[in-house]
Amino acid sequence: MPSLKDLRNRIASVKATQKITKAMQMVAAAKLRRAQEAAEAARPYAERMDKVLANLAERVSMQEGVSPLLAGTGSDKVRLLVVATAERGLCGGFNSNIARLAREHIRELLEQGKTVKILCVGRKGRDALKRDQSSRIIDLIDMRGVKKLGFEDADKIGQRVLEMFANGEFDVCTLFFSQFQSVLTQEPTALQLIPVKLPEAEEGGGDAGRRAAYEYEPEEDEILEALLPLNISTQIYRGLLENAASEQGARMTAMDNATRNAGDMIDDLTLLYNRSRQAQITKELIEIVSGAEAL
């Protein structure tokens, strides 16, 4: 059984840890509100862009010379996976869930005989995947220097992806991130970026959608030529914002659980300390009484 001094030291250590986890929970709660507002504000723009692209794509799909970003290269042999995770841990299963989804996707692609390349955005994703996929990781985009996430940060990643596509380094690109739903729920998501996967027509609304006539200036193919690269950066930006909100929500939940567990541990250690102290006092009293009777 540990001594009273050891128990006191351990109780003090757990209390110090509890203060840290409580402070981290409060910081995550403060950051979550801003991150959630940013993620929710980005969703309508990204969804509306999808609808505009779907309308334009329906008009030019039968024409020749359609952009490879829309029509693809005609092959799906080489796959690029952009795995976006956090730069820091202590956020529960946030990073591991994204890495698990990417790993399952990789396994399916390899079984189909595809070539897989991985571009990691965030150190935690690289750390999780390098154990068994290190040979397929082509680069790491470090986001530790980014204090406030902006569109220019996502655009740099988008331009990197577009440059690789233009050089023929892959045929299909998929983005992995975690979509924020609530503080308790973050859903790992795989979104195909290249070729653009357009939203399907809603049931019962397909005919109505086709009847809507839009006149575009300039021509549709010129607009697509400008919108398709922009859409890549837009979807990456949305994914990074969803990740930021999901990370803070997961960290808030994890630190709340850690604080509660620390409180339970303090209660158990305090009870053990009191019992040990009571036993020691009883033993000393017995020794004193025994010594007095011996006299």
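Read-outs: derived from the displayed coordinates by stated rules, not from any lab. Quick caveat, the model's predicted, so the values are computed rather than measured. With ideal geometry, Cβ positions are generated from the backbone for all residues, glycine too; neighbour counts draw on all protein chains shown.
Structure data summary
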| read-out | value |
| --- | --- |
| Segments 105-113, 182-190, 91-99 sorted - mean Cβ within 10 Å per residue, highest first | 91-99, 182-190, 105-113 |
| On Cα atoms only, tilt of 123-133 relative to the major axis of the chain in degrees | 80 |
| Burial order of peptide ranges 234-243, 71-80, 50-59 (average beta-carbon count within 10 Å, highest first) | 234-243, 50-59, 71-80 |
| Around MET49: net Lys/Arg minus Asp/Glu count, Cβ-Cβ under 14 Å | +3 |
| R0 of 45 Å, Cβ-Cβ distance ALA190-LYS283: FRET efficiency to nearest 0.05 | 0.10 |
| Label-point separation, ASP221 to GLU58 (7 Å along Cα→Cβ), nm | 2.1 |
| Listed residue (LEU4, ALA86, ILE286) projecting farthest to the positive dipole end of the chain, Cβ model | ILE286 |
| Nearest 10 degrees, 0 to 90: helix 4-60 Cα axis against the chain principal axis | 10 |
| Reachable lysines, given that their alpha-carbon falls under 27 Å from the alpha-carbon of LYS148 and they are not under 8 places away in the same chain | LYS19, LYS22, LYS31, LYS124, LYS156 |
| Orientation-averaged projected area, Cα convex hull of the chain (nm²) | 22.5 |
| Fully extended contour minus Cα-Cα distance, from GLU37 to ARG160, at 0.36 nm per residue | 41.5 nm |
| Under the Karplus curve 6.51 cos²θ - 1.76 cosθ + 1.60, θ = phi - 60°, whole-Hz ³J(HN,Hα) for the stretch 75-91, x wherever Gly or Pro sits | 9, 10, 6, 9, 10, 10, 10, 9, 9, 9, 9, 8, 8, 10, x, 6, 9 |
| Test item: Cα-centred dipole of the chain, Lys/Arg +1 and Asp/Glu -1 on Cβ, debye | 1900 |
| Student exercise, the stretch 1-146 dipole from Lys, Arg, Asp, Glu Cβ charges, in Debye to nearest 20 | 1060 |
| Pair ARG88, ASP6: separation of 7 Å Cα→Cβ label points (nm) | 3.4 |
